[in-house]
Amino acid sequence: MTDLEQLYQRNTSFAETFTAGDLPIKPNLSTLVLTCVDARVDPAKYAGLELGDALVLRNVGARVTDAVALEVSMLWALMEMASGASPKMELVIVQHTKCGMARFAVPEVATQITERFGTEEVVDTYAIVDLEESLATDVARLRSNSIVPRELKVSGHIYDIETGRLQQVIETTRLTQG
Ligand SMILES: [Zn+2]
């Protein structure tokens, strides 16, 4: 069986007992989680998110890129248009221990990546040296990006893949503050 066939086999079992077909588009929680693509990291597991609970964005390293800033702003705009009021949406950035993006901080790897892509931007955007530092950088990236709504609340967290524990390292703040 191919990996894709496996997915379909699992989906067949999933659909057999599926009962969540009438969930509203508006999530139960005001949380928008930004988390890493890493297969060991899943907010449905570490934060117990059920279908319909929360918005989740995943990218490599859970880093704030221009694309992430745009998507956060788009979601904000959609919610604002739907409700006619300022959304309560809160961005929860969850980076994790032993992230593959720490490899981008290794000088030889950084050099190879920079040569391969012909730009330093890839390493500059994604490399993680220290998780508290990268979370602080990502909050700063949101703050300095003029398309991101100033009323957005954001916080920074580290998920420990060895203990399964989540730890908040950046207090929840509005972009207007700090
Ligand atoms: Zn990762």
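Considering the stretch 22-34, and only residues there that are part of a loop (DSSP other than H, G, I, E, B) and either under 30 Å from residue 62 (Cβ atoms) or in contact with a Lys or Arg (Cβ under 9 Å, 6 or more places away or on another chain) (or both), the residue that is least open to solvent (accessible area, probe 1.4 Å) turns out to be 27. Has the stretch 71-82 got at least one residue that is more than 16 Å from the ligand (Cβ to nearest atom), at positive phi, modelled with pLDDT under 95 and open to solvent by 30 Å² or more (accessible area, probe 1.4 Å)? No, the stretch 71-82 has no match at all.
Hey, could you check the stretch 126-178 for residues that are of a type in the set (D, E, K, R) and touching a Ser or Thr at 6+ places or on another chain (Cβ under 6 Å) and say which is surrounded by the fewest Cβ atoms within 10 Å (Cβ to Cβ)?
Of the stretch 126-178, the ones of a type in the set (D, E, K, R) are 130, 132-133, 138, 141, 143, 150-151, 153, 160, 162, 165, 171, 174.
The next check asks that each one be touching a Ser or Thr at 6+ places or on another chain (Cβ under 6 Å); those that pass are 150-151, 153, 160.
Numbers: 150: 10, 151: 14, 153: 18, 160: 14.
Only one residue tops the list, namely 150.
Here 44, 15 are screened, and the one residue that is surrounded by fewer than 14 Cβ atoms within 10 Å (Cβ to Cβ), closer than 27 Å to residue 135 by Cβ and not charged (D, E, K, R) is 44. Of the helices (runs of 4 or more DSSP H) lying entirely inside the stretch 53-162, the ones with 1 or more residues being touching a residue at least 24 places away in the same chain (Cβ under 8 Å) are found at 66-83, 121-126, 131-144.
The values are calculated or read from the model by the stated rules, or taken from the named source; none is laboratory data. A quick note: this is a predicted structure, and the numbers were derived from the prediction, not measured. In this analysis, Cβ positions are derived from the backbone assuming ideal geometry, glycine residues included, and neighbour counts consider all displayed protein chains. These area figures cover heavy atoms from the full protein model, side chains too; ligands, DNA and RNA do not enter into them. Shrake-Rupley method; radii C 1.70, N 1.55, O 1.52, S 1.80 Å.
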